[in-house]
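The values are calculated or read from the model by the stated rules, or taken from the named source; none is laboratory data. Predicted model only: the values in this text are computed from it and were never measured. Here the Cβ positions follow ideal geometry from the backbone for every residue, glycine too, while neighbour counts run over all protein chains shown.
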């Protein structure tokens, strides 16, 4: 888990020193290249602001990073297990291959044994690793306004139907559902905490999520229905604007966001989201505190549900809300990201923080 790792400054120092003590214990994702490396990687060291650290290889791959071809982060764990080593080599040799359990059996492997071994070493199964590799290639092509057939080929699927099925599982919609003349357009960009997807119309931001959020498929289906299918790929002004403002935010220059938001929720849910936007960066609050501020002290659980339903991450700062006991509680983008955001916002903390 990310929370098991020390401060990022320590990990960045280990990266610069190529400290072998951290080999296999932490990994770095380089947001400027999309590459996942060991801390002992011999490649030129990235800038501090372009680094995000992970406790497992699987977490880095799920966040959208590709294994480095110089330091081969998959190999150290693979060397201890002949079956894992053989399958990693097969995946590196043909990253576009669509693997099934039958393929593992044909190679003389027991699928359940392989599943346990990969979960133990990488935090994800081999089939999940292979699927993430294919999907990442396909998403990259679509985000660059590529044709569906190009995305299909880049992702290594044997047919359009196979690609649409995999894409539907990942985003909740088949590629064919996205229109070139759409009112809402989706694009994605890298951040120090992993890639994010943004959906906007000409004037308002409708969605901003980390691409590995489990609720993303449901949220996109809801948007697709709300806009009567007028959803496509591409860039509109609010997406450019929020990417620029997030860059300012992550680099410690500003925690102010002024992109107009289109809120999709009940009146109460939208009222909670409006309240969250009044919380100063660097301050921490409880669900009961938010309920009291809304003059609805009996609605703590409803506030928690609205908080969890937020689909505009960071801008609507649900990460500033904790459990009554000070615990991180749930966060759709992952608890490690919530802790990272809280740590980052200490530099923005007001002189007198409002008590939780």
Check: Only one of these conditions is not met by residue 285: (1) closer than 28 Å to residue 31 by Cα; (2) in contact (Cβ under 8 Å) with a residue 60 or more places away in the chain. Which number is it?
Finding: (1)
Check: Among the residues of segment 269-281 satisfying the criterion of being outside any helix (DSSP H, G or I) and in contact with a helix residue (DSSP H, G or I) (Cβ under 9 Å, 6 or more places away or on another chain), which is surrounded by the fewest Cβ atoms within 10 Å (Cβ to Cβ)?
Finding: 278
Check: How about segment 98-159: which helices (runs of 4 or more DSSP H) wholly inside it have at least 1 residues that are modelled with pLDDT of 80 or more and farther than 25 Å from residue 36 by Cα?
Finding: 101-106, 111-122
Notebook entry, point to check: Which one of the conditions (1) in contact (Cβ under 8 Å) with a residue 60 or more places away in the chain; (2) in contact with a strand residue (DSSP E or B) (Cβ under 6 Å, 6 or more places away or on another chain) does residue 239 fail to meet, given that it meets all the rest?
Noted result: (1)
Margin query: Restricting to segment 33-70, and then to whatever is within 19 Å of residue 189 (Cβ to Cβ) and assigned to a loop (DSSP other than H, G, I, E, B), can you tell me which residue is modelled with the lowest pLDDT?
Written below: 64
Check: All but one of (1) surrounded by fewer than 19 Cβ atoms within 10 Å (Cβ to Cβ); (2) modelled with pLDDT of 80 or more; (3) within 19 Å of residue 336 (Cβ to Cβ) hold for residue 24; which doesn't?
Finding: (2)
